[in-house]
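*Asks:* First the structure, which I've put down as structure tokens, then a few questions once you've had a look.
The values are calculated or read from the model by the stated rules, or taken from the named source; none is laboratory data. Model, not experiment: these values are computed from the prediction. Cβ sites come from the backbone with ideal geometry, for glycine too, and all protein chains shown count toward neighbours. With ligands, DNA and RNA removed, areas are computed over all heavy atoms of the protein, side chains included. Shrake-Rupley method; radii C 1.70, N 1.55, O 1.52, S 1.80 Å.
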Amino acid sequence: MDSMASCPELPIELLPTVLEHLPKVHYLTRTALVNHTFYQSTIPLLYARASIYSWHKDAKLKVVQLFRTLSICPQLARYVRRLEIRDFPRNALSDDVLESISQGLRNCTGLHSCTWTRDGSLTSNILLALSEPSSYTNGTTNDIQSALATSVPIHTLRHLEINGHHSNFYNPKILLRFKWLERISIIMPTIEVVQVLEEWVKLVQESLKSLNIICKMSPVITDDILIRMAPYLRNLEFFHLTGCPKVTHRGIREVLLGSKRGIQNMGLESVSPRLDLTQLLPTSVAQPPMLRSIHSLTLSIPPLHFMPAQTPASTLSSLIPPVPMTSPAHLSYSSHIPVQHPTLQAYTSTLLNILTLYLPKLQRFQIYSPHMFFEPCLATKELFLGLVRTHGEKLKRISVHRMLIGLDVIRQICMSCPAMEEFFVVVEPGGLDTLADHIHHAKSLKTVHVNYPLEAQSEDGGVPILRLNEALRFVKRASNPSITQFGCNALGRLQVNRKIFIDANGEMESEIYLGPYESPDIPEQFMVVRT
């Protein structure tokens with residue numbers, strides 16, 4: 001750094017761009033100490049993102065320290081663009097600490113994104129400070145009621161991710177003050193929060209592009225709620241539901257129909273087992289295909305002892321490709337007709353038909369089983385071979401959890417997907433060497449994550465563990481220079497580093513070594529546990 005700081009050839013305008021490539025906070029804290037010029041360029045980057053996760057050492061103490069700094073140093077708080085509070089002290093906090101949290105938030109006048117997901121930590125005072133940072137002064141009952149009655153434009157905040165368990169913690173009506181959001185994400189909402197959400201989407205309908213609701217098999221989100229909200233979701237591009245067993249194709253269809261932009265990223269995880277994917281297809285040539293804009297699709301396989309309910313005229317619609325879209329027969333629906341037990345073959349056949357005929361822009365595909373583990377079989381083989389046969393040139397991510405697919409299928413995926421950058425796959429411990437040989441052919445691959453089956457056992461009867469030297473051998477055997485990240489559920493995430501050196505013959509060589517994952521960004525696959 002000293003030589004860089006004194007280098008007269010380096011234009012000072014390039015310094016912020018160079019510093020942006022330092023992923024870890026402690027790297028930036030060091031560069032800030034080089035000299036005044038480095039300090040001026042580093043501090044905005046150092047405070048642009050403040051993230052506290054539960055696995056951070058002394059995470060709860062760091063929450064208090066962070067907001068003390070932001071409360072007494074408004075000149076630093078104004079640099080904060082992204083705030084992530086995923087842990088919070090469990091014990092009651094003093095009035096001084098609570099005030100420093102509110103004051104710190106009020107000082108973050110440039111905040112663009114806020115995540116606050118720790119159950120029981122979000123309060124009315126925190127929400128009010130976020131919604132009106134420069135003018136809110138204290139947290140008395142009168143002030144809260146007054147603020148609720150006032151229509152004050154918020155600041156730069158565009159993304160809000162919160163815990164929806166409000167009981168005894170915050171007034172859900174305060175959420176109506178956030179009127180210019182582009183992204184809303186709610187975890188474990190209560191029925192009162194859902195009722196406010198129906199009103200909330202009306203206020204943000206012009207700007208809202210992303211809606212993500214994560215429940216734990218909760219009945220609070222229903223088809224009727226989605227149908228009522230659908231007219232106000234016309235600008236939606238990102239739509240994810242997790243753990244909403246009362247949601248079927250009825251509600252999802254209305255959201256898809258109402259989106260004039262077209263949903264580009266859709267996730268339907270652990271929704272109703274009566275969801276019939278064929279009901280999301282157009283009913284006539286004149287009707288625009290509802291799935292036409294999807295770039296990314298995430299699905300969980302329903303329980304195999306359920307089958308989407310259908311009329312007698314279409315009992316077999318999930319066993320064979322859908323009828324032509326000029327016929328409305330397959331749209332009939334009744335929740336009271338007895339159902340048959342579906343097979344995996346029935347589900348994957350219908351899904352493959354939809355993937356190949358109705359999703360022309362698909363680039364990312366994620367699928368997993370939350371109920372049972374699937375061994376390699378003809379059904380999954382046909383699904384993935386058909387997927388890459390149609391979309392192989394475009395696919396950038398394939399993510400498979402709790403499903404084993406044959407190594408021969410994996411080879412075909414790697415050979416057929418030249419643009420694939422991320423590959424999450426399940427393999428048996430003994431298949432790593434063969435997997436590495438196949439990975440070699442995926443020349444654009446940056447991230448590889450291997451999950452061992454949870455049911456797998458080592459020779460001594462224990463859970464198989466991938467050791468660091470085995471991981472390094474895998475990456476070297478793959479001999480794929482594009483790979484920058486490797487992970488395994490028995491090892492975690494590792495960063496693939498390469499060191500350049502000159503050998504004895506004067507030739508330039510590179511040496512691969514593995515280090516800790518340094519990026520503050522957590523891959524989407526790990527935000528909701530699917531393994």
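*Asks:* For the stretch 37-103, state which trypsin sites (Lys or Arg not before Pro) are in a DSSP loop and have at most 12 other beta carbons lying within 10 Å of their beta carbon.
*Replies:* Numbers: sites: R49, K57, K60, K62, R68, R78, R81, R82, R86, R90; in loops: K57, R78, R81, R86, R90.
For trypsin sites (Lys or Arg not before Pro) across the stretch 37-103 that sit outside H, G, I, E and B with at most 12 neighbouring Cβ atoms in 10 Å, the list reads K57, R90.
*Asks:* Just subtract the alpha-carbon distance of N489 and T190 from 0.36 nm times their residue separation and send over the number in nm, one decimal.
*Replies:* Numbers: separation 299, 0.36 × 299 = 107.64 nm, distance 3.24 nm.
Net length gain for the segment: 104.4 nm.
*Asks:* For the cross-link pairs K476/K499; K396/K476; K260/K396, which exceed 19 Å when the distance is taken from alpha carbon to alpha carbon?
*Replies:* Details: K476/K499 13 Å; K396/K476 23 Å; K260/K396 25 Å.
In this structure, K396/K476; K260/K396 lie more than 19 Å apart at Cα.
*Asks:* From the convex hull of the Cα coordinates of the stretch 464-514, what is the mean projected area in square nanometres? Provide the component values of the computation, followed by the final result.
*Replies:* On the way: hull surface 15.3 nm².
The directionally averaged projection comes out at 3.8 nm².
*Asks:* In terms of Cα to Cα distance under 22 Å, which lysines are near enough to K246, apart from those fewer than 8 places away along the same chain?
*Replies:* K216
*Asks:* Using a Förster distance of 51 angstrom, determine the FRET efficiency expected from the C-beta separation of L468 and V285, and round it to 0.05.
*Replies:* Working: r = 57 Å, r/R0 = 1.12.
Once rounded, the FRET efficiency stands at 0.35.
*Asks:* Next up: Could you pull out every one of the lysines with an alpha carbon less than 22 Å from that of K173, ignoring same-chain neighbours closer than 8 positions?
*Replies:* Partners found: K202, K209.
*Asks:* So how far, in whole Å, is the C-alpha centre of the stretch 205-254 from the one of the stretch 423-448?
*Replies:* 35
*Asks:* At 0.36 nm per residue, minus the direct Cα-Cα distance, what do C377 and R292 gain on full extension? Give it in nm, one decimal, please.
*Replies:* Values: separation 85, 0.36 × 85 = 30.60 nm, distance 2.95 nm.
Between C377 and R292, full extension yields an extra 27.6 nm.
*Asks:* Any chance you could run the full-extension gain for R90 through R261? It's 0.36 nm times the residue separation minus the Cα-Cα distance, nm to one decimal.
*Replies:* Numbers: separation 171, 0.36 × 171 = 61.56 nm, distance 4.24 nm.
Working it through step by step, the gained length comes to 57.3 nm.
*Asks:* Oh, and also: Taking the Cα atoms of the stretch 37-105, report the difference between the largest and smallest coordinate on each principal axis, in whole Å and largest first.
*Replies:* Reported extents, whole Å, longest axis first: 41, 26, 16.
*Asks:* Rg over Rh of the stretch 163-287, using C-alpha atoms and the Kirkwood radius, what does it come to?
*Replies:* Working: Rg = 14.1 Å, Rh = 14.7 Å.
Across the stretch 163-287, the Cα-based Rg/Rh ratio is 0.96.
*Asks:* Shifting gears a bit: Can you give me the distance in nm between label points at S510 and T356, each placed 7 Å from the Cα along the Cα-to-Cβ direction?
*Replies:* The modelled label-to-label distance comes out at 3.8 nm.
*Asks:* Run through the stretch 372-452 and list the chymotrypsin sites (Phe, Trp or Tyr not before Pro) located in a DSSP loop whose Cβ has at most 15 other Cβ atoms within 10 Å.
*Replies:* On the way: sites: F373, F374, F384, F423, F424; in loops: F373.
Sparse-neighbourhood loop chymotrypsin sites (Phe, Trp or Tyr not before Pro): F373.
*Asks:* Near K62, which lysines are there with a Cα under 22 Å away, not counting those fewer than 8 places off in the same chain?
*Replies:* K24
*Asks:* Name the trypsin sites (Lys or Arg not before Pro) in the stretch 166-268 that are in a loop by DSSP and that have at most 13 other C-beta atoms within 10 Å, would you? Walk me through the intermediate numbers first.
*Replies:* Numbers: sites: K173, R177, K179, R183, K202, K209, K216, R228, R234, K246, R250, R253, K260, R261; in loops: K179, K209, K216, R234, K246, K260, R261.
Here the trypsin sites (Lys or Arg not before Pro) that fit, given the DSSP loop and packing criteria, are K216, K260, R261.
*Asks:* Could you order S270, S369 by accessible surface area, starting with the largest, using a probe radius of 1.4 Å?
*Replies:* Working: S270 25, S369 0 Å².
Reading off the accessible areas and sorting them downward yields S270, S369.
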